[in-house]
1. Quick check on region B:412-421: of everything there that is buried (at least 22 other Cβ atoms within 10 Å of the Cβ) and touching a helix residue (DSSP H, G or I) at 6+ places or on another chain (Cβ under 7 Å), which residue is farthest from B:His370 (Cα to Cα)?
2. When you check B:Tyr263 against the structure, is it among the aromatic types (Phe, Trp, Tyr), part of a helix (DSSP H, G or I) and within 13 Å of chain A (Cβ to nearest Cβ), yes or no?
3. For region B:441-492, name all the residues that are more than 26 Å from B:Thr175 (Cα to Cα), crowded, with 19+ Cβ neighbours inside 10 Å and of a type in the set (A, V, I, L, M).
4. Of all residues in region B:239-251, which are within 11 Å of chain A (Cβ to nearest Cβ) and either under 12 Å from B:Val267 (Cα atoms) or without any contact (Cβ under 8 Å) to a residue 12 or more places away in the chain (or both)?
5. In a helix (DSSP H, G or I) and in contact with a Gly (Cβ under 6 Å, 6 or more places away or on another chain): is that true of A:Arg74 in this structure?
6. Restricting to region B:15-41, name every residue that is facing chain A (nearest Cβ under 9 Å) and under 15 Å from B:Thr161 (Cα atoms).
7. Within the group B:Arg235, B:Arg319, B:Arg314, B:Arg250, which residue is at pLDDT 95 or above, over 26 Å from the mean Cα position of the chain (by Cα) and of a type in the set (Lys, Arg)?
8. Which one of B:Phe293, B:Phe271, B:Phe298 is at pLDDT 95 or above, out of contact with any strand residue (DSSP E or B) (no Cβ under 8 Å at 6 or more places or on another chain), part of a loop (DSSP other than H, G, I, E, B) and among the aromatic types (Phe, Trp, Tyr)?
Amino acid sequence: MVEVQFRFREDEAVNDPAVTVDAFAEQTNATAVRIEPGDDARALLPHLDRIALVEVNFPAWTDGRGYSSARVLREAGYAGEIRAVGDVVIDMLSHLKRCGFDAFAPAHPLDPEDAQAAFDRWDNVYQATGDGRKPIWALRHGV
Amino acid sequence: MYKYDQYDQQMVDTRVAEFRDQVRRRLSGELTEEQFRPLRLQNGLYLQLHAYMLRVAVPYGTLNSEQMRMLGDIADKYDRGYGHFTTRQNIQYNWIKLEDTPDILADLSTVEMHAIQTSGNCIRNISSDQFAGAAADEVIDPRPYAELLRQWSSFHPEFLTLPRKFKIAVIASETDRAAMKLHDIGIKMVRNDAGEIGAQFYAGGGMGRTPMIAPMIREFVPLDQLITYAEACLRVYNRYGRRDNKYKARIKILVHELGKEEYTRQVEEEFAHLLTQGIEPPLAELERIGAYFQDPPFEIGLADDLDLSDPDFRLWVERNCHAHKAPGYISATVSLKPVGGIPGDASADQIRLMADLGKEYSFDEMRVTHAQNIVFPHVRKADLYALWRKLDAADLGTANIDTVGDIIACPGLDYCSLANARSIPVAQKISERFAAQEKQDALGEMKLKISGCINACGHHHAGHIGILGVDRKGVENYQLLLGGSEAADTSLGQITGPGFDENGIVDAVEKVADVYLREKQGEERFLDTYRRLGMAPFKEALYG
């Protein structure tokens, strides 16, 4: 199993083996699930209360479906860990975090200094994405 | 026009720092070219046949004289003294060095400009009507909505690695001057029966190898739901747009394969959900942006007449000027299509001259058009003659807007690594063939568009006359299309038949023009005659 290199959660890391989205509904004792780019994250919504870990796989970092998967889960109220796995590169980190990812397990470990710079890159943001950050329009209008 | 506040400036400065860091990692070998490619593309940097090309964004085509001057200075400092204005109302430079690009972006940021998302599989520069805020026929100025969308789409974390590029246009008049229905999303600002302004959404249009006209998917989106609706459109596309084949990855294929009804149903479902998520900026933000687009201080009581005794000036006024909403004012288009020139090119000196003239004669404002020309939107009619004289002295006074000489052409095989054939020499030869004023007069409105490959950057599908360069067994070959239009009566051109060689295509265009002159009835434009008669008489002349 690939190591989690960055994690932004206080709770104990869950390292249960993740099962596929298809299998998850049947395996009622599973607590970790892995979303591939073609999977519909909405299929998990009836089961959110027993999920402790969602891995979202990026076979290629240029396939951006995983960003929407994470947002779908967060918008439905899922508060457990969402971990980006696979081809996770420096330049994705801040955007992944904005979409609700809070753990990162890149297939190839990233330079820690470059990664930190990437996480810290954007002092402000233009959009509301449910990550708790106030977008620029909210700062402008005090809302 | 819009002015950055501290936040906008900080966002652009941050991007410059991020890109500088990416270039550093590339030059040090930390990033391979393959890894670097998507990153540089999101900053408008392409690797072309001979050098890097940098595409600079001109949001909704609007710029002030300080910005225009900077574009000229960059052409001198980092390129070979030229810039090339594009069909997305941007400008690109064809001879750029990779190691210079962070400095170029830093220079641009000093005048509130950037190259953010001018390429790559993300939401591109938002285009609009070049006469926005000036046209007599608009419902409202579309640019505040375009600016709201610009901020929303800049670094949108969910939509930076879409299946394919994504282009949005915003217009606000019945006369479509921005090819709105040929965009991934086209937005037309409208007023409903209750007198309220809202956005009409069209989705799934595009050119490229599978041209499609976007169907309307929503008649009216209220202004306080505009961003939320756009986000719903994008999320459905990001999740379900095809990624197995890059030629089928644009949203037009998704809308086509699902059908307009099913795509719309999915968008509406996502929209209903997103309305609960609080992602919409308050209307106060639109009001804040709108305040920057108030009319300039037009003088009241100006005379509306023009002295047209100089015949060359008269022709230029007829061809290149457009009605303005304020009495005594007019909008003037500078043609970047001199006979034998490279369509859309301007020298650094010409760019700086336009910057000065825009300041002197047009309230410090200019526009880039999707037809690769420059507009002075607000000129006092009393000043128009003086302006024209100065333009004409700099070879910027060509009177040919929307005529056969006003050719849209992509850079083609002279620069582009995707091209199959050259576009520029064909454009030059056609403009020379039709250089005689009487010919252009007789032909009237005749929009000719040339692409050097099926990606259709030169909009050939939407030309009254379209030319598509292909490679046939190693030889450049040009197919001819007739009957396209990018205006409100959007239509896609049809191929006439077998293609022609470089000289043959110029002859073919002339034969088509001759058929029109022979068959035209009354005030018919070429396009009207073609629509009345169909392909047959043209085919007969070409191949009979």
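1. We begin by selecting, within region B:412-421, every residue buried (at least 22 other Cβ atoms within 10 Å of the Cβ); these are B:412, B:415, B:419, B:421.
Those left that are additionally touching a helix residue (DSSP H, G or I) at 6+ places or on another chain (Cβ under 7 Å): B:412, B:419, B:421.
Numbers: B:Gly412: 17, B:Ala419: 20, B:Ala421: 22 Å.
Filtering first and then ranking leaves B:Ala421.
2. Values: among the aromatic types (Phe, Trp, Tyr): yes; part of a helix (DSSP H, G or I): yes; within 13 Å of chain A (Cβ to nearest Cβ): no.
It is false that B:Tyr263 is among the aromatic types (Phe, Trp, Tyr), part of a helix (DSSP H, G or I) and within 13 Å of chain A (Cβ to nearest Cβ).
3. B:Ile454, B:Leu468, B:Leu480
4. B:Arg239, B:Tyr240, B:Asp244
5. Numbers: in a helix (DSSP H, G or I): yes; in contact with a Gly (Cβ under 6 Å, 6 or more places away or on another chain): yes.
Against the criterion (in a helix (DSSP H, G or I) and in contact with a Gly (Cβ under 6 Å, 6 or more places away or on another chain)), A:Arg74 qualifies.
6. B:Gln35, B:Pro38, B:Leu39
7. Numbers: B:Arg235 fails: over 26 Å from the mean Cα position of the chain (by Cα); B:Arg319 fails: over 26 Å from the mean Cα position of the chain (by Cα); B:Arg250 fails: over 26 Å from the mean Cα position of the chain (by Cα).
Testing whether each residue is at pLDDT 95 or above, over 26 Å from the mean Cα position of the chain (by Cα) and of a type in the set (Lys, Arg) leaves just B:Arg314.
8. On the way: B:Phe271 fails: part of a loop (DSSP other than H, G, I, E, B); B:Phe298 fails: out of contact with any strand residue (DSSP E or B) (no Cβ under 8 Å at 6 or more places or on another chain).
Exactly one of B:Phe293, B:Phe271, B:Phe298 is at pLDDT 95 or above, out of contact with any strand residue (DSSP E or B) (no Cβ under 8 Å at 6 or more places or on another chain), part of a loop (DSSP other than H, G, I, E, B) and among the aromatic types (Phe, Trp, Tyr), namely B:Phe293.
The values are calculated or read from the model by the stated rules, or taken from the named source; none is laboratory data. Owing to the predicted nature of the structure, the values given are computational and were not obtained by experimental measurement. With ideal geometry, Cβ positions are generated from the backbone for all residues, glycine too; neighbour counts draw on all protein chains shown.
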